[in-house]
Amino acid sequence: MILYCPRCGDELAQRFKGEWFESAVPCATCGLVLSGPPLLLAPGPEDEVAYTLEGWAVPERAAATDALAAVDIPYRWEEGLVLVVPAVAEDEVDALLDELDAPDELDGDDEAGDNDEGDDEADGGEEAQAAMADLFVVADRLQHAPDDLDVGASLLMLAAIVAESPPPYGIERPVWRRIQALAAVTATAFDDGIGDDTVAVEARALRDFLRDLV
């Protein structure tokens, strides 16, 4: 039985099924749908390191687990939004979490000074911010109407803008990379005609991730 969401770490609702309890899906916090048992770190005699991420928002916690999964570092969540990893991976996890936790520094900040144009070039500016907000609206519409050609065309345009833009002010780079990846997957599913059900699922995942950011 899975007690905590593998993506965000919040406790999953439980439902009674026959003589045993089953984790209810999707996660009420981040919307993750468990299609199968995730590959997580099992408790054992090996040395482990625990990180308390109670102060992290849902998108940042999701970005953290995405980063760990991308480099094949096993982990598990425990009560209180505690993320547990093998001790042998401590240095690598420290670096990943530091990148997520540290505020983005604008490129060329020392040289830009108070120059507004320099600041616009250092982050994605208003275009990236607007694209992210519009992407949330489009993803929300697409999950309900995955065969809508006009909505799909808007998705393809916005996904292209997001893919080519630095993160807007206030969005961490790992979080932005996750948005870029989700937008690309959704756009590919629509553009390739993979199927309405798949498009709807990917659009919902994109919308759910963006929900706390716009």
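A cut-off of 5 Å between modelled amide H atoms, ignoring neighbours fewer than 5 places along the same chain, links ARG76 with LEU41, VAL84. For the range 136-148, putting each phi into the Karplus relation 6.51 cos²θ - 1.76 cosθ + 1.60 with θ = phi - 60° gives couplings of 4, 5, 5, 5, 5, 5, 5, 5, 8, 9, x, 9, 6 Hz, in residue order, rounded to whole numbers and with x for Gly and Pro. Building the convex hull from the alpha-carbon atoms of the range 43-96 and averaging its projection over directions returns 3.6 nm².
Each peptide in 155-162, 88-95 gets a packing score, the mean of other Cβ atoms within 10 Å over its residues, and the list from highest to lowest is 155-162, 88-95.
You can think of it this way: the chain between THR188 and THR52 has 45.4 nm of extra reach, that is 0.36 nm per residue less the Cα-Cα gap.
3J(HN,Hα) along the range 164-180: 9, 9, x, x, x, 4, x, 9, 5, 4, x, 5, 5, 4, 5, 4, 4 Hz, from the Karplus curve 6.51 cos²θ - 1.76 cosθ + 1.60 with θ = phi - 60°, whole Hz, x for Gly and Pro.
Computed FRET efficiency, Cβ-Cβ of GLU90 and ASP148, R0 41 Å: what is it to the nearest 0.05? That gives a FRET efficiency of 0.30. Amide hydrogen proximity for GLY124: with H placed 1.01 Å from N in the peptide plane, the residues at 5 or more positions away or on another chain lying under 5 Å are TYR169.
A short reminder: the numbers here are calculations on the coordinates, not readings from a lab. Predicted, not measured: the structure shown is a model, and the values here were computed from it. Backbone-built Cβ (ideal geometry, glycine too); neighbour counts: all protein chains shown.
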